[in-house]
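Data first, discussion second: the structure below is written as structure tokens.
Just so it is clear, none of the values below were taken in a lab; they were calculated from the coordinates. These figures come from a predicted structure and were not determined experimentally. Virtual Cβ from ideal backbone geometry, glycine too; neighbours counted across all protein chains shown.
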């Protein structure tokens with residue numbers, strides 16, 4: 001099937017994509033549906049409320065039953081008391097409901113029920129405090145239920161009194177003008193003024209109607225019956241949380257509320273909405289849906305909406321780009337921010353980071369590819385703005401050709417203080433201990449600026465001088481980064497003795513060889529200095545760097561007995577190595593000395609990509625596609641469409657979920673620490689950078705930390721550049 005024959009108007013965050021393969025034809029960036037979290041604020045006039053029930057009327061107004069009366073939504077996602085009707089403002093309803101069909105709001109008070117529709121003509125006077133629950137069907141029949149019995153009205157006219165079924169009341173329902181009564185042990189239908197038992201069960205908690213089907217929730221999963229009470233879909237307790245407290249059917253899909261969040265049944269999986277990303281707390285008291293398909297989750301402390309909106313990848317890129325420019329730039333570095341006060345979004349602060357250069361390479365790279373695609377002068381301006389920060393890393397200290405990790409004004413260092421030193425300019429300090437991570441960033445930004453941004457001889461020389469200084473420092477110092485103390489940094493080491501001290505089963509051997517040859521190739525192509533080419537072939541031929549680079553990833557495994565500076569290595573997988581490798585592969589391939597090497601590089605890139613495919617990382621896919629030509633298109637689009645615009649690093653937990661199939665934690669059989677057989681969507685996982693395991697399902701640093709969004713911007717603009725999307 002050709003890609004052009006496949007519709008990508010997918011609700012991709014709710015429906016698994018169906019297309020796959022190479023990007024032999026670009027995918028159109030059509031709008032897709034995406035869930036967005038909206039949290040309502042309680043008016044400061046009110047506090048310590050007890051929330052009981054939430055409903056959405058036919059006009060999509062939201063009403064909340066509380067112990068202080070009826071509350072509703074107001075502009076700006078604010079909740080406050082409903083004071084519109086003076087005659088009702090001081091009254092406290094026992095219950096509220098929405099009439100089936102019309103969407104009209106009905107109130108049940110201790111002495112009456114009423115609606116403000118029909119010009120207020122519908123009102124039934126009642127014995128005091130006899131009924132506590134109300135339901136209204138499309139024929140204007142009003143059913144009231146209390147502990148001792150029930151009563152049926154039509155509009156304001158009493159029809160007859162009713163008994164109540166045995167087994168304890170759980171909830172009233174209306175479906176197709178029929179009233180249904182749920183107890184813990186039975187489902188009853190009101191027929192000919194009598195309760196007819198349709199189904200017997202145990203520990204039943206909720207129901208959801210879907211045509212001729214009724215889904216029945218319990219304290220241990222759910223099953224589906226038909227309207228005669230026959231089980232037609234078996235019991236299923238492999239759910240994110242099996243103890244169900246409420247259910248709804250929205251657009252033909254079952255939604256479940258629990259004390260551990262909410263989830264929706266999809267054809268192949270459950271989409272899970274929990275943690276601060278979606279809810280102010282995970283315990284859900286009640287839920288409702290409006291006629292646009294948006295969900296409202298009431299917790300003991302607030303109202304939360306999951307709103308479904310259309311967006312395109314381009315719109316998301318524009319949003320993240322604007323947000324990054326406004327809030328995440330620090331001296332040209334792309335910086336994650338933190339809130340000094342987690343509850344106050346105005347207390348944003350940008351702090352120094354160990355890997356300012358590496359993280360910024362993603363942002364700078366995104367702008368380089370953006371410029372290559374659009375030729376927007378602003379994109380070019382942003383590239384040079386951030387490159388200036390990279391250049392300053394070389395000159396803020398007195399060590400020739402050595403790049404600092406980062407810098408900060410005197411007296412304002414936020415991170416660890418040991419590696420910092422005062423700069424010659426007394427107003428600044430710089431941080432040493434520069435590592436391979438930072439070196440990878442230098443390689444990547446140099447290459448993409450040279451390839452796509454630098455145009456004039458002066459610009460070309462500026463970029464060449466930058467990498468020339470760094471590589472000269474490395475060669476001069478026997479393939480080490482030499483720090484302020486005259487010693488090699490902990491990880492800035494590419495010397496053959498160090499590189500070949502690793503076993504062939506350790507990725508460090510392959511990675512460090514790759515980084516070294518990449519730097520030498522790049523410097524040679526930009527400067528023309530023969531020393532770089534000579535050194536590269538010396539290392540490849542005499543010290544086995546090319547053989548090291550071609551070590552198959554299938555050979556990398558648990559390896560004990562190796563320590564570096566007291567740090568045990570080889571006994572777990574470091575996903576930062578994946579990040580460093582794939583960014584470097586782009587440079588390695590595009591600056592290869594010759595076509596024969598280029599083909600060997602393509603094979604080694606493909607080898608790494610094959611084991612990385614389960615993580616479905618769009619950037620690794622695109623870097624591979626732009627070199628070896630291989631690609632998982634389905635996962636690339638899945639990643640881009642599933643990347644949340646909300647980059648807060650909420651604390652998230654998934655390890656309790658019963659719907660996931662977990663893999664053993666054995667480091668020998670599961671060296672890459674894949675937790676589940678299939679990757680869950682990014683919106684359900686902790687928010688991490690590219691150097692983290694995509695299969696981390698628990699964790700996070702809290703809502704007070706926010707990533708920049710360049711984790712999305714680089715793969716998006718690469719996809720545009722490589723004609724994967726248009």
_DSSP bridge pairs, the chain: antiparallel proportion in percent, nearest 5_ = 95 percent
_Taking the 0 to 90 degree range and rounding to the nearest ten, how far is the long axis of helix 507-527 tilted relative to the main principal axis of the chain, both from C-alpha atoms?_
60 degrees
*Over the Cα atoms of the range 616-717, compute the convex hull volume and normalise it per residue, giving Å³.*
115 Å³
*Between residue 677 and residue 213, what is the label-to-label distance in nm when each label sits 7 Å out along the Cα-to-Cβ direction?*
2.2 nm
*Counting pairs of alpha carbon atoms under 8 Å apart in space and at least six apart in sequence, what relative contact order in percent does the chain give?*
12 percent
*Using a 10 Å cut-off on Cβ atoms, rank the peptides 579-585, 178-184, 32-38 from the highest mean neighbour count down.*
579-585, 178-184, 32-38
*Projected-area average for the range 140-257 over all orientations - Cα convex hull basis, square nanometres*: 7.4 nm²
_Area projected by the alpha carbon convex hull of the range 257-364, averaged over all directions, nm²_ = 9.8 nm²
*asked:* Between helix 633-642 and the chain, what is the angle of the helix's C-alpha long axis to the longest principal axis, kept within 0 to 90° and rounded to the nearest 10?
replied: 60 degrees
*Between residue 147 and residue 460, 0.36 nm times their residue separation minus their Cα-Cα distance comes to what?*
104.3 nm
_Listed peptides 103-109, 423-429, 202-208 by packing density, highest first (mean Cβ within 10 Å)_ = 103-109, 202-208, 423-429
*Expected 222 nm ellipticity per residue - DSSP helices of 4 or more, -39500 (n - 2.57), all of the chain, to 500*: -9000 deg cm²/dmol
*Quote the Stokes-Einstein diffusion coefficient, in whole µm² s⁻¹, for the range 99-206, based on the Kirkwood radius over alpha carbon pairs, a temperature of 25 °C and a viscosity of 0.890 mPa s.*
174 µm²/s
*Return one number: the angle in degrees, 0 to 90 and rounded to the nearest 10, between the long axis of the Cα atoms of helix 575-590 and the longest principal axis of the Cα atoms of the chain.*
60 degrees
*Only Cα pairs under 8 Å and at least 6 apart count here; give the relative contact order of the range 102-248 as a rounded whole percent.*
11 percent
*Remind me, relative contact order of the range 170-278 in percent, using alpha carbon pairs under 8 angstrom and six or more residues apart?*
15 percent
*State the extension gain, in nm to one decimal, for the chain segment bounded by residue 125 and residue 28, taking 0.36 nm per residue of separation less the distance between their alpha-carbons.*
28.9 nm
_Gain on full stretching of the segment that runs from residue 231 to residue 349 - 0.36 nm per residue minus C-alpha separation_ = 36.8 nm
*Can you work out the FRET efficiency for the pair residue 177 and residue 43, with r the C-beta to C-beta distance and R0 = 35 Å, to the nearest 0.05?*
0.40
*What FRET efficiency would be calculated for the residue pair residue 487, residue 645, taking the C-beta separation as r and a Förster radius of 35 Å, to the nearest 0.05?*
0.20
*What is the spin-label model distance, in nm, from residue 166 to residue 696 if the labels are put 7 Å beyond Cα along the C-beta direction?*
5.6 nm
*How large is Rg/Rh for the range 311-464, to two decimals, with Cα atoms and a Kirkwood Rh?*
0.99
*Show me 85-93, 253-261 ranked by packing, highest mean number of other Cβ atoms within 10 Å first.*
253-261, 85-93
*Please report, in whole Å, how far the alpha carbons of the range 191-323 spread along each principal axis, starting with the longest.*
61, 31, 28
*At q = 0.08, 0.09, 0.10 Å⁻¹, what base-10 log of I(q)/I(0) does the Debye formula yield for the chain when every alpha carbon is treated as an equal point scatterer in vacuo?*
-0.73, -0.86, -0.99
*What FRET efficiency do you get for residue 658 and residue 319 if R0 is 22 Å and r is their Cβ-Cβ distance, rounded to the nearest 0.05?*
0.05
